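Structure, as structure tokens:
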Amino acid sequence: MSKPVFLVTGGSRGIGEAIARQAAAAGYCVLLTYAARSDDADAVVAAIRAAGGEAHAVRADTGRAADIHALFAEADRLGRLAVLCYNGGITGGVGLLADQADDSLAEVVQVNLTGALISAREAIGRMSTRLGGSGGSIVFLSSRAAGLGAPAQNVWYAASKGGIDSLTIGLSIEVASEGIRVNAVSPGPIATDIHEPGRLDRIRDALPMKREGQPSEVADTVMYLVSDRASYVAGANIHVSGAR
């Protein structure tokens, strides 16, 4: 019998990589995506396989609907989709909204929010008991930026993640009776390369816990949410932010 499929977007590094590794260790067949860095994705897949797990990587721009459709076709080939973890996210740089170009703003919304909507729709079509599926779990990676606004940093990124928060609330209710649990995780500052160089050093002393989080700490929370231990948890948005 094939393993249930755990699809994690942006799984070649950072938080996504930590999620992919933990999902494989939990017995899932992991399908991870990458946007450009094939070497990084190959290294994650190789490490998972070396540890006895099953993993596959697909290049996919989650800002493109055609790439998302191809991604889910690959998931179908591997087996039954049990988990979608939408970890795709770009910041679009740093600065003031007044200085941003149309294309940059549109790309952030397309990748961070529209891609999540399309991916969730595709996952529901495969998981929903109403549609013949056997249930499943969806976890969106939001951000504490949604609640803080990220002024003079990237308010457009915060706004796109605010959309994720609303999506989590509404969709969790919409599909709760169809065997699908929808939740979100909102990381605070985490030690990944999403930050511009030097930012974590600059803000560390101002953080309540005086440190940034680690990708594994976010992955731990995701794995809790998709587990049977969280069988009555839906519509939640867990902050992994060290009280920030």
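Details
Residue-by-condition table, conditions (1) touching a residue at least 40 places away in the same chain (Cβ under 8 Å); (2) under 15 Å from the mean Cα position of the chain (by Cα); (3) in a loop (DSSP other than H, G, I, E, B); (4) under 30 Å from Gly95 (Cβ atoms):
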site	(1), (2), (3), (4)
Arg126	yes, no, no, no
Ser134	yes, no, yes, no
Ala152	yes, no, yes, yes
Trp156	yes, no, no, yes
Lys161	yes, yes, no, yes
Asp165	yes, yes, no, yes
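- Region 78-103: number of residues that are free of Cβ contacts under 8 Å to residues at least 40 places away in the same chain and of a type in the set (Gly, Ala, Ser): 2
- Listed conditions (1) in a loop (DSSP other than H, G, I, E, B); (2) without any contact (Cβ under 8 Å) to a residue 12 or more places away in the chain are all met by Arg121, apart from (1).
- The residue list Gly88, Gly115, Gly93 contains one member that is under 15 Å from the mean Cα position of the chain (by Cα), within 27 Å of Ala158 (Cα to Cα) and either at pLDDT below 95 or surrounded by fewer than 20 Cβ atoms within 10 Å (Cβ to Cβ) (or both), which is Gly88.
- Scanning region 167-176 for residues that are touching a residue at least 12 places away in the same chain (Cβ under 8 Å) and either under 16 Å from Leu141 (Cα atoms) or among the small types (Gly, Ala, Ser) (or both) gives Leu167, Thr168, Ile169, Leu171, Ser172, Ala176.
- Of everything listed in (1) more than 18 Å from Ile15 (Cβ to Cβ); (2) surrounded by fewer than 16 Cβ atoms within 10 Å (Cβ to Cβ); (3) without any contact (Cβ under 8 Å) to a residue 60 or more places away in the chain; (4) within 16 Å of the chain's Cα centre (by Cα), the single unmet condition for Asp205 is (4).
- Annotation for region 232-242: at least one member residue is more than 16 Å from the chain's Cα centre (by Cα), surrounded by fewer than 14 Cβ atoms within 10 Å (Cβ to Cβ) and more than 26 Å from Leu105 (Cα to Cα).
- For region 61-70, a residue qualifies if it is under 15 Å from the mean Cα position of the chain (by Cα) and over 20 Å from Ser142 (Cβ atoms), and exactly one does: Asp61.
- So Gly115, is it without any contact (Cβ under 8 Å) to a residue 12 or more places away in the chain and either within 16 Å of Ser12 (Cα to Cα) or in contact with a helix residue (DSSP H, G or I) (Cβ under 9 Å, 6 or more places away or on another chain) (or both): no
- Residue tally, condition in a helix (DSSP H, G or I) and at pLDDT below 95, over region 167-199: 1
- Pick from region 58-77, criterion under 11 Å from Leu7 (Cα atoms) and either in contact with a Ser or Thr (Cβ under 7 Å, 6 or more places away or on another chain) or free of Cβ contacts under 8 Å to residues at least 40 places away in the same chain (or both), ranking: surrounded by the most Cβ atoms within 10 Å (Cβ to Cβ): Leu71
The values are calculated or read from the model by the stated rules, or taken from the named source; none is laboratory data. Treat the numbers as computed from the prediction; the structure is a model and nothing was measured. No Cβ is skipped: glycine too gets one built from the backbone with ideal geometry, and neighbour counts run over all protein chains shown.
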